[in-house]
Amino acid sequence: MNWTQHADKWFSFSALEKDLNDKLVEIKDNAGRLEDSFYKHLEFGTGGMRGELGPGTNRLNTYTIRRAAEGLAQYIVEQGEEAMNRGIVIAYDSRHKSPEFALEVAKTVGKHGVKAYVFDALRPTPVLSYAVRYLHAFSGAVITASHNPPEYNGFKVYGDDGGQLPPEAADTIIRYVNLVENELAVEVAEEQELLASGLLTYVGEEIDNAYVEQLKTLQLNPEIVASVAKELKVVFTPLHGTGNKPVRAGLKAFGFENITVVAEQELPDANFSTVKSPNPEEHAAFELAIKVGDEIGADVLMATDPDADRLGVAVKNSAGEYTVLTGNQLGALMLEYLLSQKQAQGTLPANGVVIKTIVTSEIGRAIAEHYGIQAMDTLTGFKFIGEKINEFEQSGEHTFLFGYEESYGYLIGDFVRDKDAVQSAIFAAEVAAYYKAKGMTLYEGLQAIFEKYGFYQESLQSITLKGKNGAEQIASLMETFRAERMSEVAGIEVAAIEDYATSIRVADGAESQIDLPRSNVLKYHLADGSWFCLRPSGTEPKAKFYFAVKGASLEDSQMKLSSIQTAVMNRVQEIVG
């Protein structure tokens, strides 16, 4: 069936939801928009799916949600009665249609006799991960598009360990989803019917309280926090998302008393109306927090994204101005504190492991090795870190200590199996308290880490290319970088190229295997230890470019970073045009 036939099917469906029908009528004479809405089924990948809201097979709506949930239901039924009875936990964020989509998932799986636990109000993704484990459920799902713009939403699926699905399970669900030919014909049960039969249960406060109790186990130095609890001023913004209540509850549980929430961004708002993008990676997202910080003289500013799995932190620099730390920098601060304090307390396990992604700074490896701890890499995406945690839990080979990625995702306590901005926020506050007790700011603490391990600097650039044409441009970009390999960058020789799509590393003309799953990622290693990496985003219409250097001084590393970044992005512009 081609896209025009899919469109005709929707136009002739008399029971189509009114808002979708109205939007469909709006674009009926716009061939380009119509094709983009119907030229394919919105892809259900290894972690679920994400897309723009609207009518069509390539948009997120009631019917494409049902299609995905139908595939998930078929998979759970295949696992047998125990899996069906253990059921699925469903959470949702503050986005448009999130609560409605969560109920549609429950109604779809319920039609197959699969029990669903649905949260009674919006909750962070990490709380969903915890709830799967707490309720011993077979699966989990969360309706969220993380930090994407307001016109997006998504559907992420979790396994019984609370982590995103492993490849084998994901492939099976994808196969079932793809067997659903007509998303408009998926049958669902009624909410009241499911409530009466016990196949639908609403959950909330009990899980929240249990999660906070787990958060308390992360605290390393309560006496230090107590010594500065009144003086340490924290400004927090949930950026209109799910982080408001759990982060405040966590900070209170840790003993912090001087917390100011950015009032304009405290309440849920599906339009994220005070920010251009609800992404703590974007410095503009901190504008209101910085204003409040300046007014009260705050020590640290914190922001969580809409589903509260990413944390951004800003601190005052040597000029007294707030600067937003990179994900690598905040990760280094938390890791140094975690390992140094566990070593001092005699609780650092000999088989401990730190897990980071291939695009995360090497300063994490330097810190881990300083304390005699192994650091290992995974592909980009926190699901790979979650897989390793589960693997080591089963084998006993390593004790998990810390996992992180440069894109503001961190995990300290493995009672959650995805990145967790709530536990990261309260742990970062304890790190700030530790330095304040020593008469230092977090920024000064970071400089001390650079002095100790070297001046590591990183940056991320991206280009957005939307729609079908954009996807083709991104594919062409990756193909060109593979076919026409750069031999030098900014006057620095290329020492090795790692192509994760083929799992082959080429160095000095010799090939070797990369022991990681295949992925559309290309990484260049330069002779001076610098590197850059190219990868298409798995969740947004973007190509991402990661850069990392280590210099003799802050100025040296910044100059080196700038020259390498300029050379690569000039090449990108030549290709994309």
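The values are calculated or read from the model by the stated rules, or taken from the named source; none is laboratory data. Quantities reported herein were computed from a predicted structural model and do not represent experimental measurements. Positions of Cβ are generated from backbone atoms using ideal geometry, with glycine treated the same way; all protein chains shown enter the neighbour counts. With ligands, DNA and RNA removed, areas are computed over all heavy atoms of the protein, side chains included. Shrake-Rupley method; radii C 1.70, N 1.55, O 1.52, S 1.80 Å.
Tabulated results
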| read-out | value |
| --- | --- |
| Residue in the range 427-437 that is without any contact (Cβ under 8 Å) to a residue 24 or more places away in the chain, open to solvent by 20 Å² or more (accessible area, probe 1.4 Å) and small (G, A, S) present | no |
| Total residues in the range 491-511, condition surrounded by 14 or more Cβ atoms within 10 Å (Cβ to Cβ) and either closer than 23 Å to S563 by Cα or basic (K, R) (or both) | 7 |
| Filter result (open to solvent by 70 Å² or more (accessible area, probe 1.4 Å), more than 25 Å from K560 (Cβ to Cβ) and not basic (K, R)) within the range 467-490 | N469, E472, Q473, E479, A483 |
| Test: residue in the range 514-527 that is under 22 Å from P167 (Cβ atoms), free of Cβ contacts under 8 Å to residues at least 40 places away in the same chain and more than 21 Å from the chain's Cα centre (by Cα) | yes |
| Helices (runs of 4 or more DSSP H) fully within the range 212-321 counting 3 or more residues that are open to solvent by less than 10 Å² (accessible area, probe 1.4 Å) | 244-254 |
| Odd one out for K9, checked against (1) touching a residue at least 60 places away in the same chain (Cβ under 8 Å); (2) over 20 Å from G71 (Cα atoms); (3) crowded, with 17+ Cβ neighbours inside 10 Å | (3) |
| Residue check for G56: on the phi > 0 side of the Ramachandran plot and either in contact with a helix residue (DSSP H, G or I) (Cβ under 9 Å, 6 or more places away or on another chain) or open to solvent by 50 Å² or more (accessible area, probe 1.4 Å) (or both) | yes |
| Residues that are assigned to a loop (DSSP other than H, G, I, E, B) and either among the hydrophobic types (A, V, I, L, M, F, W, C) or buried (at least 21 other Cβ atoms within 10 Å of the Cβ) (or both), drawn from the range 346-380 | L348, A350, I358, V359, T360, S361, I373, L379, T380 |
| Selection within the range 63-88 - crowded, with 19+ Cβ neighbours inside 10 Å and either over 17 Å from A169 (Cα atoms) or among the basic types (K, R) (or both) | Y63, T64, I65, R66, R67, R86 |
| Wholly enclosed strands (runs of 3 or more DSSP E) of the range 67-180 bearing at least 3 residues touching a residue at least 40 places away in the same chain (Cβ under 8 Å), more than 20 Å from G45 (Cβ to Cβ) and in contact with a Pro (Cβ under 7 Å, 6 or more places away or on another chain) | none |
